[in-house]
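Peer 1: Here it is, the structure, as structure tokens.
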Amino acid sequence: MLIINAELAGSRGNVRLGETIQEVSTALTARPGEFVLDAKGGALLPGLHDHHMHFLASAAYEESINCDDEEFKDVESFRHHVELQKGDGWIRAVNFSETVFGFLDARGIDELVDSRPIRMQHSSGKFWVLNSLGVEALKLRDFTHLDGVELDSRGNPTGRLFRMDDWLRNQTKFSLPDIKSYSHKLSSYGITSFTDTSATNNSQVQIQFEKWLKEGLIQQKYWLMGDETIQGGPLKIVLDEDALPDIKLLLNRINIARQMNRNVAFHCTTHVELLFAIAALKDSSIEEGDRIEHGSIITDEMIKELRALGLTVVTQPGFLWERGDRYLEQVSDGERRNLYRCQSLIDQGVNVAVSSDAPYGPRSPWDVIRHSTERLTKRGAVVGEVERISASTALSSYLTSKGDPAGEVRQVEVGAAADLCLLDRPLREALKTPDAVSVVATLVDGSPTHGLQIKDPAV
């Protein structure tokens, strides 16, 4: 393939590619039978990489009821919406918060839905709640011995399941969501690769991803975090402030990761969780490439620690749009300045990258870029104006390599993999209104995954 009239680092150029980029020049002419794509001045970028997302959960999200949708102003509107759903099987709802629904357990959900089983995920992603029909369908009373199954004073399950996503998925044998369709959506954003940061990923999940890739259900390249059985990606360690792990067991997990030549990535959404993660790393070992995921609350003192230890923070300012108004109601004035910090971290020498955390944050990278520059809530409040970063800085997070989110930006250059994203406009224009960007074409190893249909000239 030959791409002509593309904007490359601010100037026009042509690019010839196969599985890798073969030539980059201002003077390339088409060969006989070669497919030619006229970029018409649109920016040609390396394919985007989302450094923190959850692929399977995101695909399932597309088929779920979003409880945070503006149409659900109260529980009555939600109840009415559920009544309109066809079928009699399970309903999956996500992103509920106490602001609208109050405290929910099985009895609470029964008042909303009592005609079919339903599972509802809290906006934090920490737990699911089942109604009574769901409790019965899963025979939850047979699993009260499992950690994560909340029990009432009589020892009966309340319907609340904490950090049991993997068990819930396996126990229910739910059909897989349409992962092929979601992969196509990622391609429409210009995403050619992603890091799946799910702590529940294991060797069996890794085999499943390989199978999906071979079957063409996933178009992107991927890198999996997960447990000790995963090969390659960092060990993902989820910290919950109200249930921190035994420090000796945690240090042993870190040591096992080191023996496997793996980095570690800590899920940290509170100040206490970040303190705990840093203390654990200091007591074991720190390697280049170790990461803090989210860094939702980072104090000035912690900035100094992060810089000194060389840790990378992979954060999500898009949450300020998704949940910012709720944060302003729940977080103290003193903590607001510490929410999803970006520019102050960069200024003080901390490695920082932005990402989506899809499906819990905005899924499009172009939305994430806009939220990184604006830091607006849905009601129009600005959260941490001094933490705004430029659109080009935010975009650069999507152009770095999988193992170095805050590192060098990949380039469209000879020898690089032909993982590319072509925009409908020059980059400067695109970054003025990133959420309005249209991706003309996406290619992985030179093969179109979005926007192009190339016929074999021999046919």
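The values are calculated or read from the model by the stated rules, or taken from the named source; none is laboratory data. None of these values were measured; they are calculated from a predicted model. Please note: Cβ atoms are built from the backbone with ideal geometry, for glycine as well, and neighbour counts cover all protein chains shown. Only protein heavy atoms, including side chains, enter the accessible area calculation; ligands, DNA and RNA are left aside. Shrake-Rupley method; radii C 1.70, N 1.55, O 1.52, S 1.80 Å.
Peer 1: Just by accessible area at a 1.4 angstrom probe, what is the order of ARG379, ARG410 from largest to smallest? Working shown, then result.
Peer 2: Numbers: ARG379 180, ARG410 70 Å².
Reading off the accessible areas and sorting them downward yields ARG379, ARG410.
Peer 1: Tell me the net charge near ARG31. Cut-off is 14 Å between Cβ atoms, ARG31 excluded, with +1 for each Lys or Arg and -1 for each Asp or Glu.
Peer 2: Spelling it out: positives minus negatives among the neighbours equals -1.
Peer 1: Over the chain, what percent of the accessible surface lies on carbon and sulfur atoms, probe 1.4 Å?
Peer 2: Details: 9740 of 20650 Å².
Its accessible area is 47 percent carbon and sulfur atoms.
Peer 1: With +1 on each Lys and Arg Cβ and -1 on each Asp and Glu Cβ, how big is the dipole of the chain about its Cα centre, in debye rounded to the nearest 20?
Peer 2: On the way: 50 positive and 67 negative charges, 162 e Å.
Approximately 780 debye in magnitude.
Peer 1: Once you have the Cα-Cα distance between LYS402 and ASN5, take 0.36 nm times their residue separation minus that, and quote the gain in nm to one decimal. Write down the numbers at each step before the final one.
Peer 2: Numbers: separation 397, 0.36 × 397 = 142.92 nm, distance 2.90 nm.
140.0 nm is the gain from fully extending LYS402 to ASN5.
Peer 1: Sorted by average packing, counted as other Cβ atoms within 10 angstrom per residue and highest first, what order do 248-257, 143-152 take?
Peer 2: Values: 248-257: 15.3, 143-152: 13.0.
Per-residue mean Cβ counts within 10 Å order the peptides as 248-257, 143-152.
Peer 1: Sticking with this structure for a sec: Place a label point 7 angstrom from the Cα of GLU329 along the Cα-to-Cβ direction, then list the residues of region 80-114 whose backbone nitrogen is under 15 Å away.
Peer 2: 96-104
Peer 1: Separate question: Which order do peptides 329-342, 416-429 fall in by mean Cβ count within 10 Å, highest first? Present the calculation step by step, with values, prior to reporting the outcome.
Peer 2: Working: 329-342: 16.1, 416-429: 20.4.
Averaged packing, sorted descending, gives the order 416-429, 329-342.
Peer 1: Hey, which of these cross-link pairs are over 32 Å Cα-Cα: LYS211/LYS236; LYS126/LYS180; LYS73/LYS211; LYS73/LYS214?
Peer 2: Cα-Cα > 32 Å for LYS73/LYS211; LYS73/LYS214; rest within.
Peer 1: Can you give me the accessible area per residue for the chain, using a 1.4 Å probe, in Å²? Present the calculation step by step, with values, prior to reporting the outcome.
Peer 2: Numbers: 20650 Å² over 459 residues.
Using a 1.4 Å probe on heavy atoms only, each residue of the chain averages 45 Å².
Peer 1: What does the net charge come to around LEU376 if you take all other residues with beta carbon closer than 13 Å to its beta carbon, with K and R at +1 and D and E at -1?
Peer 2: Working: positive: ARG323, ARG370, ARG375, LYS378, ARG379, ARG388; negative: GLU322, ASP325, ASP367, GLU374, GLU385, GLU387, ASP435.
Combined, the nearby Lys, Arg, Asp and Glu give -1.
Peer 1: Which of the peptides 157-169, 5-17 is most tightly packed, and how do the rest follow, judged by the mean count of other Cβ atoms within 10 Å per residue?
Peer 2: On the way: 157-169: 19.4, 5-17: 17.7.
So the order, starting with the most tightly packed, is 157-169, 5-17.
Peer 1: Quick one: if you stick a label point 7 Å off each Cα along the C-beta vector at ALA308 and ARG258, how many nm between them?
Peer 2: Distance between the two pseudo-spin positions: 1.9 nm.
Peer 1: How much net charge surrounds LEU309 when only other residues with a Cβ under 9 Å from its Cβ are counted (Lys, Arg +1; Asp, Glu -1)? Mind showing how you got there, number by number?
Peer 2: Details: positive: LYS282, ARG307; negative: ASP290, GLU305.
The answer is 0.
Peer 1: Next up: Please compute the length gained on full extension between LEU249 and ASP166, using 0.36 nm multiplied by the number of residues separating them and subtracting their Cα-Cα distance. Intermediate results must be reported in sequence, preceding the final value.
Peer 2: Details: separation 83, 0.36 × 83 = 29.88 nm, distance 2.12 nm.
Working it through step by step, the gained length comes to 27.8 nm.
Peer 1: Restricting attention to region 53-93, which GluC sites (Glu not before Pro) occupy a DSSP loop and are surrounded by at most 11 other Cβ atoms within 10 Å?
Peer 2: Working: sites: GLU62, GLU63, GLU70, GLU71, GLU76, GLU83; in loops: GLU62, GLU63, GLU70, GLU71.
Answer in residue order: GLU70, GLU71.
Peer 1: Sum -39500 (n - 2.57) across every DSSP H segment of at least 4 residues in the chain, then divide by the residue count to get the 222 nm mean residue ellipticity, nearest 500.
Peer 2: Details: 17 runs with 141 residues, N = 459.
Here the helix-only value at 222 nm equals -8500 deg cm²/dmol.
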